[in-house]
Every structure is written in C-alpha cells, then in structure tokens.
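The values are calculated or read from the model by the stated rules, or taken from the named source; none is laboratory data. If you're wondering where the values come from, they're calculated on a predicted model, not measured in any experiment. Cβ placement follows ideal geometry from the backbone for every residue including glycine, while neighbour counts extend to all protein chains displayed. Areas reflect the complete protein model, heavy atoms only, side chains present, ligands, DNA and RNA absent. Shrake-Rupley method; radii C 1.70, N 1.55, O 1.52, S 1.80 Å.
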Amino acid sequence: MDVRFMTSVAVITADPSVSRGLYVDALGLPLTAETDGYLHSEDIDGCKSFGVWPLTQAAQACFGTPDWPAERPVPQASVEFEVADADTVQVAADELKVKGFTLLHDARTEPWGQTVARLQSSEGAIIGLSYAPSMHP
C-alpha cells in the first residue's frame, strides 16, 4: 500500500455545540461551519484538514443511518490516509481485507468528490483510505 499523506483528522462529537465551544470559541481555530454542522479548516499548519464531525454524520457516512450501531464502539476520532488516485482506494481496501481487517464500507465516492473506504480500528477510531481530488495540485 502506498499512503501518500494524512488527508484529515477529525474529532467525532455527539454534541457539536459543546465541541464548537472548545475548538472555535476557546481555542480560536479558524473552522468553517458547513450548513450540515460539520466544522473544518484546511488552514491549520501541520494538518491538511482538521474537522469536528458530528456522530450522526459519521454514522450516516459509514452505515447509511444517523444512529451509530449499539454493537460497535462509539468513535472519538477519524483519520484518513490519502492514496494515489480514486481507483487505488479499493485496491488498498482489498489489501486490508486480505490482512484480516473488516471494512465498514468499500470504496465509494462521496457527494463532494472524495473516494473513501472506511474501517474501525481496534481503538475505535474510524480509519479512511481516501482520494480527495482537492488535496492534489
């Protein structure tokens, strides 16, 4: 597998308003609020993209429902790793399956153009294998 760089880091929150109080109001991070409640910035040195991801959106992205499954650990963070191109996302996901990892979902293209496959790590984090065209010159 050829991971090119870390695409993003996001904390996952069950209460976006409380998290906004820390990351925007107290820390003063330059986060942009999307209409769906996702906060993010591509302007924090040392991180290509930092986000505050509502748990309901993480559940929707992984399982197609706003409720996180009770049988799975509730994630606290998401980390995405970038691969060479959109077609490589599924190749990398298949490599993980061969090594015994279970995916939350295979590669798919999100409405914003990112192709991503996800799994949940033993620590409970959501790990994405990604190709985000906006991250490539």
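Some notes on this structure:
- Protein accessible area in the chain, 1.4 Å probe - carbon and sulfur %: 55 percent
- Backbone HN-Hα couplings from phi across segment 99-105 [Karplus 6.51/-1.76/1.60, Hz, Gly and Pro as x]: 7, x, 8, 9, 7, 6, 6
- Remark: spin-label model distance THR65-SER121 equals 2.7 nm, labels positioned 7 Å along the Cα→Cβ axis.
- The C-alpha atoms of the chain define a longest principal axis, and helix 86-98 lies at about 70 degrees to it.
- Descending semi-axes in whole angstrom, ellipsoid equivalent of segment 21-93, from the Cα gyration tensor: 23, 20, 11
- For the chain, the fraction of alpha-carbon pairs lying more than 27 Å apart is 18 percent, rounded to a whole number.
- What the chain shows is 54 Å² of accessible area per residue, with the surface traced by a 1.4 Å probe over protein heavy atoms.
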